[in-house]
Protein chains: 2
Amino acid sequence: MKITFNNITIIGVGLMGGSFALALKAKGFKGKITGAGRNRKNLIKAKRLGIIDDYTTEYADSVRDADLVLFAVPVGRVETIVKSIRKDIKKGAIVTDVGSVKAQIVRKIGPLMPDKVGFVGAHPIAGRECSGIDCATADLYQNARCIITPATDTNKPALKKVIGLWKSLGAKPVLMDPVEHDLIFGAVSHLPHVVAYALVNSIMKVDSGIIRHGGRGLRDMTRIALSPPELWRDICAYNRQNLLRTMKKFSSSVSHLTGLIERSDWAALEKEFRKAKEARQLLESD
Amino acid sequence: MKITFNNITIIGVGLMGGSFALALKAKGFKGKITGAGRNRKNLIKAKRLGIIDDYTTEYADSVRDADLVLFAVPVGRVETIVKSIRKDIKKGAIVTDVGSVKAQIVRKIGPLMPDKVGFVGAHPIAGRECSGIDCATADLYQNARCIITPATDTNKPALKKVIGLWKSLGAKPVLMDPVEHDLIFGAVSHLPHVVAYALVNSIMKVDSGIIRHGGRGLRDMTRIALSPPELWRDICAYNRQNLLRTMKKFSSSVSHLTGLIERSDWAALEKEFRKAKEARQLLESD
């Protein structure tokens, strides 16, 4: 599928933004990719590595000629940047993002768009705990689902173009209501991240010297605790209600298992473990 | 290093026992490996695959000629089997195990040994969520640490032989007090397993249809929930006190993060995430 944009600007050239640029180039994009960000050294490096063609630390400058503007910064920073550049966005341009929360982003950013500029929220289900431009890869989005979350006022041609773009990059677009998105990912992604951070902290509280004894199980379980703290702080803030609800359910599951162990009710404990194993198999067979 | 046993009996020919047999053969063991278990079909398969040389469903028969008896059944079954076969163990033989809990095993099994039979507890830090003979591999223990937990009454030559055996199989023996072992692995292994089961169950409580939306983070975090429920039930029972203590610490870490999110204290939340990330890096650099 042909990529129908000429000038693409990526705001935030880290793991997600850098991988987006690499994927564009890998899929034959012949236009210009401009990177924008606060860290000039990072942008120089991205250009030197051939990931972006040009860069600027002025967000307003970066969007004037762009047909597509992709936000790949922590979700907490999107609104401020949009407010500072909205008047500079070219008529006919499309603005999109890769943030892990969608309801607040779609509700806040859509209405900030000037006339003839469409915002389309997106969340590619891809990532690594490793962050920054050094971790970017051309195949991060290959075969990954990309959740696209149109609002009622989302411009239809813009939506179609964003869907087409992700297809061109090898991802699998899935349409979803932004509120439903946050409910689901609050449980299957945001909760696990908070649990991973809590697990590490609790092991350190037992004894700070013992974590090194952990095997593959602990490594796998806590790998996402290596994710950038500021990114996950923002995600927790933007999906606070859903996250609190799922954390309550999680705490009650933990309490239930704790109670069974306290009462030495091993038959009931095994039953709970079996229930979890069977549910987890639904994920494995994907 | 030469393997100084002639007849080795493995009680429980699944992932751990089968991998032990495969490793022996891969490292040039020329003696006889006998598999013992309750499931004849499984034993026939293990023999057909060349993993074991002979088999029996009679535990007493399996140990009469053995120089080494390895227990690779769920920890809850070891004591019963030992009681039923102790009089049949050959003088001079060594009995060992691969169980994930050690204090109770060492305390209960050591004194059951007849004269001139030494028991040495061991716990190789290797495993897969996949269980059974089909998952056994010759390299499961390669470069894995193997915790060896002598008690004060452990026969020294037997201890030395078990250390040498694990070295021969490519593992790295580490000596540890059995009580200390259970304290450490209660936190870095048993707690994470219970948390993984609880995480899956809580996601199912939010909505049973959403787990399939999980990405790599959730897969990694819940992979150990695929482990055999009966095995982990026994581990929880045998390490109940330590596990309860670490679960309390974990619950308090979760409550602390929940409180920060409730109060929208994002700076403190980021600090907690950063603390966890830095601690997790201790594990990654191993």
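The values are calculated or read from the model by the stated rules, or taken from the named source; none is laboratory data. All figures in this text were calculated on a predicted structure; none of them were measured in a lab. Every residue, glycine among them, receives a Cβ derived from its backbone with ideal geometry; neighbour counts consider all protein chains shown.
With respect to (1) β-branched (V, I, T); (2) closer than 28 Å to B:K160 by Cα; (3) within 14 Å of the chain's Cα centre (by Cα), the lone exception for B:V179 is condition (3). Does A:L218 count as surrounded by 19 or more Cβ atoms within 10 Å (Cβ to Cβ), more than 30 Å from A:G12 (Cβ to Cβ), more than 27 Å from the chain's Cα centre (by Cα) and at pLDDT 95 or above? In short, no. Listed here are the strands (runs of 3 or more DSSP E) enclosed by segment A:1-60 that have at least 2 residues being under 18 Å from A:P74 (Cα atoms): A:7-11, A:32-36.
When the criteria are applied in full, B:I163 fails the requirement of being among the β-branched types (V, I, T) and either in contact with a His (Cβ under 8 Å, 6 or more places away or on another chain) or part of a strand (DSSP E or B) (or both). Among residues of segment B:227-242 that are free of Cβ contacts under 8 Å to residues at least 24 places away in the same chain and more than 19 Å from A:S202 (Cβ to Cβ), those with a Cβ under 8 angstrom from a residue that is of a type outside the set (V, I, T) and crowded, with 23+ Cβ neighbours inside 10 Å, sequence gap 6+ or separate chain, pair up as B:P229/A:F273. Checking the structure you have, find out if any residue of segment B:168-189 is buried (at least 17 other Cβ atoms within 10 Å of the Cβ), among the basic types (K, R), out of contact with any Gly (no Cβ under 8 Å at 6 or more places or on another chain) and in contact (Cβ under 8 Å) with a residue 24 or more places away in the chain. No - not one qualifying residue is present in segment B:168-189.
In segment A:213-229, which residue that is touching an Asp or Glu at 6+ places or on another chain (Cβ under 6 Å) and at the interface with chain B (Cβ under 7 Å from one of its Cβ atoms) is farthest from B:R219 (Cα to Cα)? This residue is A:P229. For segment B:119-144, a residue qualifies if it is of a type outside the set (A, V, I, L, M, F, W, C), touching a residue at least 24 places away in the same chain (Cβ under 8 Å) and surrounded by fewer than 21 Cβ atoms within 10 Å (Cβ to Cβ), and the qualifying residues are B:R128, B:S131, B:G132, B:T137, B:D139, B:Q142, B:N143.
Checking each residue in segment A:65-96 for being of a type in the set (D, E) and over 28 Å from A:S131 (Cα atoms) picks out A:D65, A:D88.
Assess whether B:Y197 counts as being within 23 Å of B:M16 (Cβ to Cβ), more than 17 Å from the chain's Cα centre (by Cα) and hydroxyl-bearing (S, T, Y). Considered against the rule, which asks whether it is within 23 Å of B:M16 (Cβ to Cβ), more than 17 Å from the chain's Cα centre (by Cα) and hydroxyl-bearing (S, T, Y), B:Y197 comes out as yes. Taken over segment A:235-259, residues that are crowded, with 20+ Cβ neighbours inside 10 Å and more than 8 Å from chain B (Cβ to nearest Cβ) amount to 4.
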